1. Mind checking whether some residue in segment 68-83 is part of a helix (DSSP H, G or I), more than 16 Å from Phe105 (Cβ to Cβ) and within 22 Å of the chain's Cα centre (by Cα)?
2. I want to confirm something. Restricting to segment 99-115 and keeping residues that are under 14 Å from the mean Cα position of the chain (by Cα) and more than 16 Å from the ligand (Cβ to nearest atom), which single residue is surrounded by the fewest Cβ atoms within 10 Å (Cβ to Cβ)?
3. Can you work out which of the residues in segment 136-154 that are more than 16 Å from the ligand (Cβ to nearest atom) and touching a residue at least 60 places away in the same chain (Cβ under 8 Å) is nearest to Trp16 (Cα to Cα)?
4. Just to be sure I understand, how many residues within segment 37-63 are touching a strand residue (DSSP E or B) at 6+ places or on another chain (Cβ under 6 Å) and over 15 Å from Ile7 (Cβ atoms)?
5. Name every residue in segment 6-23 that is in contact (Cβ under 8 Å) with a residue 40 or more places away in the chain, part of a loop (DSSP other than H, G, I, E, B) and of a type outside the set (Val, Ile, Thr), in order of residue number.
6. Would you pick out the residues in segment 199-226 that are in a helix (DSSP H, G or I) and under 17 Å from Leu152 (Cα atoms)?
7. Looking at segment 225-245 only, could you name the residues that are without any contact (Cβ under 8 Å) to a residue 40 or more places away in the chain and hydrophobic (A, V, I, L, M, F, W, C)?
8. Considering only residues of segment 116-133 that are more than 16 Å from the ligand (Cβ to nearest atom) and not in a strand (DSSP E or B), which is farthest from Asn13 (Cα to Cα)?
Amino acid sequence: MIDVIPIPAFKDNYIWVLINKTTNQCIGVDPGDATPLLDFLAQHQLTLSAIFITHHHPDHIGGIATILKDHQVPVYGPRKENISFCTHPLIENDMVSIQSWPVEFLIKEVPGHTLGHIFFYSKPWLFCGDTLFSIGCGRLFEGSPEQMYSSLKKITELPDETQIYCTHEYTLNNIKFAQKVDPNNENLNQYQHHCQILRAKNLPTLPSNLALEKACNPFLRCTNALIKKTVEDYCHQKFDTSVQIFAALRAWKDKF
Ligand SMILES: [Zn+2]
């Protein structure tokens, strides 16, 4: 039996922790800060088995050095990014298995937010870092719109019941933008209500699931006629391809 638990870090990050309840072992994903994870391990008497890293940003890797002082565990991260302490550099279609864990993780390269960004997938869990957010997607700090668009497509090819464990609690803000772009989307309004209730209780809106994201996330709906028209009206120009719509949508969100 494996649980996935969020540990809040910084202002709006989550360090996701997979817990094998049979063995009291766990895996930490993107520990940007050591203290919240180390406290959690001590509090629940868990043994750390491994660290997973999706990309090189400090709020995802900043805690690794301190954690490794007390826990000598393998660190799995993207081969295309130069991450200190990474013991297992990963590329597209690698499979990761951790000693004494009954699951395997498929690796995919999802450039866009950064050039070497990867995700870890083990049905139904997707650890996608800053690539897909609930009702949003990561900023294009390093990659092109084309790269990010095809990275998001890789995610949409996973099963609908995939659980989206992204790194940031941005959902309510993302919904506000999505409602501008996709004003008649009743599923989106219902989801906003659901998320407002969770946040009022200080609970995470995550994980999301892929079916809901396909129905509500404008960055996955660039072929939708209404979204296309809203973006074209905003930009005062016509677009021929869904990548152009995506690029315009991402640029609009950057200024929102
Ligand atoms: Zn990032």
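1. No - not one qualifying residue is present in segment 68-83.
2. The selected residue is Ile107.
3. Out of the qualifying residues, it is Tyr149.
4. Count: 6.
5. Phe10, Asp12
6. Leu210, Ala211, Leu212, Glu213, Lys214, Ala215, Cys216, Pro218, Phe219, Leu220
7. If the condition is that a residue be without any contact (Cβ under 8 Å) to a residue 40 or more places away in the chain and hydrophobic (A, V, I, L, M, F, W, C), then Ala225, Cys235, Phe239, Ile245 are the ones that fit.
8. Taking the candidates together, the pick is Lys123.
The values are calculated or read from the model by the stated rules, or taken from the named source; none is laboratory data. These numbers were taken from a predicted model, which means no experiment stands behind them. No Cβ is skipped: glycine too gets one built from the backbone with ideal geometry, and neighbour counts run over all protein chains shown.
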